[in-house]
């Protein structure tokens, strides 16, 4: 025998085979419920982390981490400004841009589009569209040759291929008379471009609405005097982009309109965040139900062990020690289930990419049908703080579930329990 005595007795009850079948069955069901709940929560949260990371990667593939926009006059000396920004700590890329909201047409088809002027020589520093070209090349956007690169969805809608001509229409800004407020002219600027390439980044928002032209051609089209609308920035740490962009704007003297990926894509990540929270809450309730199933199991154990408790009390064991006995019994059952669920959840999370194809072949289904979704595989990304929080919460719930049965066992009156023995 070892000490403390209550811990020894509690562990003996765990190994005891004298308990009734129903009590043992409830105990096993409680343990398995905790195990399955924890494993499911870890696996699903890891998959949602993977989906969020995949979404972030696809959103930032053609985009930058942050942008600094200003008036054409402020951006006239953008090259000197870009050289200064490149020397800022954490900055890995800087490229000019000019965005024009307009329409693209071919034949009878007319589609809204974001026409972005870029410099192919430096655009690769902030975007990897060049690696997603399905036809043509981004390097063909030569100033003065009026060439355009289309997203795959936009090219499909316009029935355009490399070498076809596309008509672009953008509104013009004009001011008539001294002191007049600048307004939108009803007469659009019209320019013909030749398709030099098609890209597909795997995100509908970009593939169906984004078109790229040479920065000089875009500036001439917009009438900005050769100045870009601003600078696109890329950072070594994507999560540091918002604060870093504000710091850089202040270092440049202000006068910039600052935007970053968290602002431009806020709705996407807000939706994913809400889904993760709700899924976590629902599955944690499953864990809680399984954990509190131990209450019924321990109450039945207490009723079964009333005689043992009475004998121990007559031998001098204190009510606090009785509480410790049953807390030990419940904690061992609950913690074994929680830790087993943690191990099972990590095993599934780390092997989702291998497990899902097997299930698809066995069940004859596609979880992400490649004809419908851009993401064709189920990604998974384990975040250890989340795993620790999930497992820790399950452990705490199992401890709380043992308190009532343990207190009930401690309230057993020895004389009442032994009256008919």
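The values are calculated or read from the model by the stated rules, or taken from the named source; none is laboratory data. Quick caveat, the model's predicted, so the values are computed rather than measured. Cβ: placed from backbone, ideal geometry, glycine included. Neighbour counts: every protein chain shown.
Just a few scattered comments:
- Annotation note: Cβ proximity below 9 Å between a residue of the range 259-276 that is within 14 Å of residue 232 (Cβ to Cβ) and a residue that is in a loop (DSSP other than H, G, I, E, B) (sequence gap 6+ or interchain) occurs for 260/64; 260/65; 261/63; 261/64; 261/65; 264/63.
- Residue that is farthest from residue 276 (Cα to Cα), among those in the range 381-416 that are more than 33 Å from the chain's Cα centre (by Cα) and exposed (fewer than 13 other Cβ atoms within 10 Å of the Cβ): 415
- Within the range 204-212, none of the residues are crowded, with 24+ Cβ neighbours inside 10 Å and at pLDDT below 90.
- Selection within the range 215-246 - in contact (Cβ under 8 Å) with a residue 12 or more places away in the chain, farther than 30 Å from residue 145 by Cα and not in a loop (DSSP other than H, G, I, E, B): 235, 238, 240, 241, 242, 244, 245, 246
- Where helices (runs of 4 or more DSSP H) fall entirely within the range 1-109, those with at least 1 residues that are farther than 18 Å from residue 337 by Cα and at pLDDT 85 or above are at 21-60, 78-86.
- Members of the range 327-340 that are buried (at least 17 other Cβ atoms within 10 Å of the Cβ) and more than 19 Å from residue 295 (Cβ to Cβ): 340
- Matching entry among 192, 167 (being surrounded by fewer than 23 Cβ atoms within 10 Å (Cβ to Cβ), at pLDDT 90 or above, under 14 Å from residue 111 (Cα atoms) and more than 33 Å from the chain's Cα centre (by Cα)): 167
A quick yes/no check of all residues on (1) touching a residue at least 12 places away in the same chain (Cβ under 8 Å); (2) touching a strand residue (DSSP E or B) at 6+ places or on another chain (Cβ under 8 Å):
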residue	(1), (2)
34	yes, no
72	yes, no
77	no, no
101	yes, yes
109	yes, no
139	yes, no
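- Any hit, the range 371-386, residues being in a helix (DSSP H, G or I), modelled with pLDDT of 70 or more and in contact with a helix residue (DSSP H, G or I) (Cβ under 6 Å, 6 or more places away or on another chain): yes
- Once the range 137-164 is narrowed to residues that are crowded, with 20+ Cβ neighbours inside 10 Å and not in a helix (DSSP H, G or I), the residue that is farthest from the chain's Cα centre (by Cα) is 146.
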